[in-house]
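Reading through the structure tokens given below for one structure.
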Amino acid sequence: MTTFDSLLGGIGNTPLLRLQKLGRGLGCDLLGKLEMMNPGGSVKDRIGLPMIEAAEREGKLKPGGTIVEPTSGNTGVGLAIAAAIKGYRCIFTMPDKMSQEKIALLRAYGAEVVITPTMVPPESPESYYRVADRLTEQIPGAFQPNQYHNDNNPQAHYDTTGPEVWEQTEGRITHFVVSVGTGGTVTGAGRFLKEKNPDIVVVGADPEGSTFTGEVHPYLVEGIGKESWPDTLDPSVIDRWVRVSDRDSFLTARRITREEGLLVGGSSGTAAWAALEVARELDDSAVVVVILPDSGKSYLSKIYNENWMLEHGFIERPGTSARIGEIIDDKQSHGPAIPDLVAVPTGAKVGGAIDLLQQYGISQMPVAKTDQPHDVSEIVGSIQERSLLDRVFRDRDAVGRDVVEVMDPPLPVVQTSAGVEEMFADLARGAEAVLVAEGGTPIGVLTRADLLEFLSHQARP
């Protein structure tokens, strides 16, 4: 019978998963190390206890003391678990871009959370780094592990993560991919692996906006990247950097979840996207291991929330990237068998136009010089059921008049190559339908109902 004396005994020894669907078509093995299976749900569980125990040995943290730490969430959870078991008070400072789930999770462990602005430089008194420093100075018996400058951070990965990867791959690993934040994982585990085999390629995945690979600017992926270089990162361990956008990070995370059944966070998406970039260059002799740092449970209100993704432009509303021509094709595939373009000639009577509307089950049609117009210039107006009913109801003799006497203005014209949003804009301005043309040739009429049906088809799996 295997038992632990405390939850801390369950940290580490996370499994490797062959990412078969994500890696479909690759020549090499693509393996994900599932760090969300640590007790606190992330790779950061590995560093919480070692940093606390080192502080205890050095006399920096004494019984009844307070742990203060700037964190993006996951390190806070690792520290909070160890602190709860050992009886320490915890105060964590976090930038306001972090998810509400992370804040609620830390508070669930009994920690106090102080939220600070994201859009300030690291040296600002308002930054989560400086607020943590100030609290550490002001609170008696407070200690700040400071994961960004604490050597026990990379050492924990040298002692655990690196050996696990080496043993689990039986020494066959050729590439090690890590999304980089404090640099503890890539430095510690990468150093161990290179000592075992100097030919192993260590790859750092960095979000666009982080200082490690380019110009610094705000970004939305959480827990990785930095505005300045932490002492815990040894760049000499990293052989190659891959810069990854927020969009690629989030869409890759969602893809892993939907294809592999593995709920992962945004930093996992960053690392996996970088791993795919590297793996596409490799043959079947290569074994790529990518660290998947945490679960997606802390991001349900963000990257797994359709509205949040839409608002930030990472996904598009179903069908909005489509062309008008696709709606025509969809209508022909799913709609009733009617001619592509039904038009009424200028010489026809209103009664004949009504018969055409009823025959084909339509509500609008162009009025043209002939019943088969070959150019948009031949269209002079339109018959629309709503206004026609109003006219005939008030004047029954209108049925015998020429259509040109009762017609409405021509329908707005949209090209087959135009985006769906152009049709929507016309409908939003009050048009009941649009005339679709290919160049100068009219090819059909699309209505509100046609657009709605198309969007419905696009939204279905």
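Taking amide H atoms as placed 1.01 Å from N in the peptide plane, the amide H of residue 234 lies under 5 Å from those of 187, each 5 or more residues away in sequence or on another chain. Candidate cross-link partners of residue 33 among the lysines, defined by an alpha-carbon separation under 24 Å and a same-chain spacing of 8 or more, comprise 21, 44, 102, 194, 196, 226, 297, 302. For the chain, the relative contact order comes to 13 percent (Cα pairs under 8 Å, sequence separation of at least 6).
Computed over neighbours whose Cβ is under 12 Å from that of residue 219, the net charge equals -3, Lys and Arg +1, Asp and Glu -1.
Over the C-alpha trace of the chain, radius of gyration and Dmax come out as 31.3, 102 angstrom. Only Cα pairs under 8 Å and 6+ residues apart enter the sum, and on that basis the relative contact order of segment 324-459 stands at 28 percent.
In a DSSP loop and with at most 14 other Cβ atoms within 10 Å, there are no chymotrypsin sites (Phe, Trp or Tyr not before Pro) in segment 206-287. Across segment 66-134, Cα pairs under 8 Å and at least six residues apart give a relative contact order of 33 percent.
Phi-derived couplings, Karplus 6.51 cos²θ - 1.76 cosθ + 1.60 at θ = phi - 60°, listed residue by residue for segment 73-85: x, 5, 4, x, 5, x, 5, 5, 5, 5, 5, 4, 6 Hz, with x used for Gly and Pro. If you take the square roots of the eigenvalues of the alpha-carbon gyration tensor of segment 45-143 and sort them as a ≥ b ≥ c, do you get rounded (a/c under 1.5), prolate (a/b over b/c) or oblate? It is oblate, given that a/c is not under 1.5 and a/b is not larger than b/c.
Amide H to amide H distances under 5 Å link residue 240 with 202, 204, where only residues 5 or more positions off or on other chains count and H is placed in the peptide plane.
Report the local net charge at residue 118: Lys and Arg +1, Asp and Glu -1, summed over other residues whose C-beta lies under 12 Å from its C-beta. That sum, taken over residues with Cβ under 12 Å, equals -3. Its DSSP H runs of at least 4 residues, each contributing -39,500 (n - 2.57), put the calculated 222 nm mean residue ellipticity of the chain at -10500 deg cm²/dmol, to the nearest 500.
Scaled against 2.2 N^0.38 Å for its residue count N, the alpha carbon radius of gyration of segment 87-231 is 1.18.
Proximity of backbone amide H atoms, modeled 1.01 Å from N, is registered between residue 381 and 367 at under 5 Å, excluding neighbours fewer than 5 places apart on the same chain. Within the P(r) computed for segment 324-459, what percentage of the Cα pairs occupies the region above 25 Å? Tail of P(r) above 25 Å: 23 percent of Cα pairs.
A short reminder: the numbers here are calculations on the coordinates, not readings from a lab. Keep in mind it's a predicted model, so treat the numbers as computed, not measured. Ideal geometry is used to build each Cβ from the backbone, glycine not excepted, and the neighbour counts take in all protein chains shown.
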